[in-house]
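One structure is given below, encoded as structure tokens.
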């Protein structure tokens, strides 16, 4: 009598394991398990090493701890410390021989790309954030946030509240939120009057800067794999919006030399609006993130941002995440690379390239993995950012960029051309800021316990 | 019931007591003596509870009621029902080799190292009382033909280890090992992440020599083997592991099979099923992807 | 509010209502089909700490605002 | 490059409207199962030991039927409660059956190791049974009387709201 073959292999072992586990579980009503499942903590830490070529360097450790309670409430706290050193461009034009080229709009004065004048500075910033999520009903959740941060010349105190409501069998989520920040700007060396030679400074002045923001968003689960969302924010800023340390160069109309500088001056109100479309699509194991943001404000700054990420899962919990981002911005009304000495001053003027015709390109890669024997996930992210100013009409790299190699030496590319002292249209003065290379390295560690 | 003894190991306590027909130990990775004593006492209570309830040597428990039911249906409690469900699964998966009704075969076999084997007629009579398929099991009612007997020995000890370990794990977060006669379960690594060093006994010289060492941080470990329980017949060494379909020992079963798995019960079942494969034991365990040692 | 801004705000509200109204555009996603959606990675900003850092970098290096949330910290970096 | 941002915003709005224009089908609101006469749809699903669990095989018992998945957080919190229910009412004729709706069986097995289930677990990766019971959220719990009628249908899991289910069970168990 031939015995039937017994079951064997992994499947057989799994059945035995499951049956044994069920048997033991039933014997011992495991209160321990239920207790461990509710109070779950999450610790998120990261260290940012950020450096701009010949400019600012930032070292920023951040720690975020959050606790999910059994009743669904979640309390989070975050502490961040920034050590900032290096040089920030003052906005002044590099000194040096002017050089003229002809353009359809008449004579154009392009300032040679000498080394861009910068201020050496050091600063420390502490930031504390708190957040409390509370489910009000099965499909309604509220979130309250509080913020405090301080640095030598800036203090920020703010709060926010938002609610998210799920409808259509929880396929669609509507979110609405409000935020308010009461910041104080206390410039080092006193608050200098705008568009002045900067000698008159009022000491000990804490200039208020209030920011009120509102957000309305909707997200929708289109399919088992596809989540899309649209989120709009409106933000009204009121108060001291000028950069206390930035200046605007004065160009002598005869010698076309930089003959001096004025402190910059910006309006004290700014209405800003943005619309963000986001999409997350789950492939077999990988996840593709896509977002498109439109922005505009009443300083006439308009921008578009495209952001693409692909989280590619590797074996046993490792992953690679390439990241591409492109940002294109139009300049503010009152953005001027320089002013003609002696001419009537405009109401507002700033040469800060960050509200100029700016482009930013970002390439990044994140690698996430588990360390054997240690819970949680470690992530290493390296990103390269490149910023440049697009000249009106001409796209692509800054005119006189002249490539990276000779830029730092201040020997900008000089093009011959007739020098005329006819009336020079102020708008024809262009900044010749070389492209800015930025590297950032972010080390992250996340663990649940 | 003699109280358990307590001894200080390197940086852990070792509680000892007798139960399950053999030496029992509980190792506790903690320093407080009173807590250790209380935990060991709790493990002893659980071991004795399960032994009294499921041992076939006692005259007042559920096993005895089932074995003396004389064919009448017997309603069993939830715990017994779960053990019978588990035994039924093992019987089905081993195609009848694992059978809790095969205990009666000991009436014709004595594995004392001697040479006595049962004669054909005696074996046939006993085989008529063996076979889980003859039993009607509709939870929670068991109906067994008269004369048949069940013996949960193959499951009971490992079940007691897991059950005691789970009870202790609910009362302390310190790591511990429950070891009943070589079948054991570790709830977690010792402080500093160090594993528990488990010595695997030499089946030939039980108690004298350690044949192998297993480093265990979490999970169950069980050994099945014939140590000194065998007969030699026609020059062949026959271990005490019997095939319930033929009533004869399984030829070429390894002396000792030690398996490491997620629970002690799973390890015990796999080591028993492996031994029932005779020479195929190693291959069976390799296929199932568990860590094991064969001697 | 300048006319340009009011116009874009109005357009935006229209867009939000449109998306909300669409409800279940494609086949209905049943509650038990939410296994992928329950994963940590299926969120617009899976890591709050990373998106916070990025918002801070781009806020201090560019002239725009606007992401997923409201509030958050101001800084003297822009 | 002045036009770029305006172009961006316009295309964005266009996209949003396109999503809206997709065929709109009113979400079929889950039929109210509260009506007492609703009869529990039958099912035949494999359990952890590979045996088939059917509603008919539980005839004569009060059944607590639960739909869960490994990725659903409130489901994990409901397991200890279901363990307790089986311990308390098991002998009095309550059968607890938890139907897993995971698409990946390994995920369910991993869940069961961490969250021991001392009750019957059945597997329905296709979700057909959940559809038959019009499950609207995870977890969903049904109390089915001895004659197969659905007495209570409870969505989500709230430790404070379990008494409603327990009183229904006690009522249904009375001979």
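The values are calculated or read from the model by the stated rules, or taken from the named source; none is laboratory data. Just so you know, these numbers come straight off a predicted model, no measurement behind them. Please note: Cβ atoms are built from the backbone with ideal geometry, for glycine as well, and neighbour counts cover all protein chains shown.
Restricting B:172, B:217, B:187 to those that are in contact (Cβ under 8 Å) with a residue 60 or more places away in the chain, closer than 29 Å to residue B:10 by Cα and within 13 Å of chain A (Cβ to nearest Cβ) reduces the list to B:172. Where strands (runs of 3 or more DSSP E) fall entirely within segment B:158-231, those with at least 3 residues that are at pLDDT 90 or above are at B:176-180, B:183-186, B:219-225.
Note on segment A:1-119: enclosed strands (runs of 3 or more DSSP E) holding 2 or more residues that are modelled with pLDDT of 85 or more, more than 10 Å from chain D (Cβ to nearest Cβ) and within 31 Å of the chain's Cα centre (by Cα) are A:40-52, A:57-68, A:74-89.
Could you look through segment B:270-291, keep only residues that are out of contact with any helix residue (DSSP H, G or I) (no Cβ under 8 Å at 6 or more places or on another chain) and outside any helix (DSSP H, G or I), and pick out the one that is farthest from the other protein chains (Cβ to nearest Cβ)? Ranking the qualifying residues of segment B:270-291, first place goes to B:291. Within segment A:343-358, one or more residues are facing another protein chain (nearest Cβ under 9 Å) and part of a strand (DSSP E or B).
When you look at residue B:142, is it more than 22 Å from residue B:38 (Cα to Cα), assigned by TED's automatic domain parsing to the domain that holds residue B:95 and part of a loop (DSSP other than H, G, I, E, B), yes or no? No: the conditions fail for residue B:142. Within segment D:87-104, being more than 8 Å from every other protein chain (Cβ to nearest Cβ) and either buried (at least 22 other Cβ atoms within 10 Å of the Cβ) or on the phi < 0 side of the Ramachandran plot (or both) holds for D:88, D:89, D:92, D:94, D:95, D:96, D:97, D:98, D:99, D:100. Is it the case that segment A:303-317 has a residue that's under 24 Å from residue A:437 (Cα atoms), touching a helix residue (DSSP H, G or I) at 6+ places or on another chain (Cβ under 6 Å) and surrounded by 15 or more Cβ atoms within 10 Å (Cβ to Cβ)? So far as segment A:303-317 goes, yes, one or more of its residues are under 24 Å from residue A:437 (Cα atoms), touching a helix residue (DSSP H, G or I) at 6+ places or on another chain (Cβ under 6 Å) and surrounded by 15 or more Cβ atoms within 10 Å (Cβ to Cβ). Within 14 Å of chain C (Cβ to nearest Cβ) and in contact (Cβ under 8 Å) with a residue 24 or more places away in the chain: does that describe residue A:302? Spelling it out, residue A:302 is indeed within 14 Å of chain C (Cβ to nearest Cβ) and in contact (Cβ under 8 Å) with a residue 24 or more places away in the chain. Could you tell me whether segment B:256-269 includes any residue that is more than 10 Å from chain A (Cβ to nearest Cβ) and more than 16 Å from the chain's Cα centre (by Cα)? Looking for residues that are more than 10 Å from chain A (Cβ to nearest Cβ) and more than 16 Å from the chain's Cα centre (by Cα), one finds none in segment B:256-269, hence no. Taking residue D:162 as the residue in question, decide whether it is within 14 Å of another protein chain (Cβ to nearest Cβ), over 16 Å from residue D:75 (Cα atoms) and either surrounded by 15 or more Cβ atoms within 10 Å (Cβ to Cβ) or over 10 Å from the mean Cα position of the chain (by Cα) (or both). No, not satisfied. When the residues of segment D:105-118 are filtered to those that are more than 7 Å from chain A (Cβ to nearest Cβ) and in contact (Cβ under 8 Å) with a residue 40 or more places away in the chain, the one that is nearest to the chain's Cα centre (by Cα) is D:111.
Taken over segment C:36-48, the criterion of being farther than 15 Å from residue A:281 by Cβ and within 11 Å of chain D (Cβ to nearest Cβ) is satisfied by C:38, C:40. Listed by position, the strands (runs of 3 or more DSSP E) inside segment A:163-239 whose residues that are more than 7 Å from chain C (Cβ to nearest Cβ) and out of contact with any strand residue (DSSP E or B) (no Cβ under 9 Å at 6 or more places or on another chain) number at least 2 form an empty set.
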